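The values are calculated or read from the model by the stated rules, or taken from the named source; none is laboratory data. Just so it is clear, the structure is predicted and the values come from calculations on it, not from any experiment. Virtual Cβ from ideal backbone geometry, glycine too; neighbours counted across all protein chains shown.
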Amino acid sequence: MYSNAMVLWELFGPGEEDYRWLQRSGAGSPIARVGPAYLIETKFSLDQPGNYRLRAATTDLAGRSAVVWTDLSVPAVENAN
């Protein structure tokens, strides 16, 4: 792992046409070493219920890529009135 590694974060959903690029302007995501692994995180909010897919992709300086997909489900909030 190179210390200048960056992760491309993309969010798809809840509709087929919905897409968000989750990069912050300026610096990349914070990177922390946790034992033999690295912790790289990003923060975002979801204001619409539905099913989402989060994609995290990176490459090293040799061009080897790694992609991870995570499914997210946001339940609808019922009105308590």
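Selection of region 46-76 for residues being among the small types (Gly, Ala, Ser) and farther than 22 Å from ILE31 by Cβ yields GLY50, SER73, ALA76. The residues on offer are LEU22, LEU54, LEU11, LEU72, and the sole one that is of a type in the set (A, V, I, L, M) and modelled with pLDDT under 90 is LEU22. Quick one: would you say LEU46 is of a type in the set (A, V, I, L, M, F, W, C), assigned to a loop (DSSP other than H, G, I, E, B), loosely packed, with under 11 Cβ neighbours inside 10 Å and touching a residue at least 12 places away in the same chain (Cβ under 8 Å)? The answer is no for LEU46.
Looking across region 58-81 at every residue that is among the small types (Gly, Ala, Ser) and in a strand (DSSP E or B), the one that is farthest from LEU39 (Cα to Cα) is identified as SER73.
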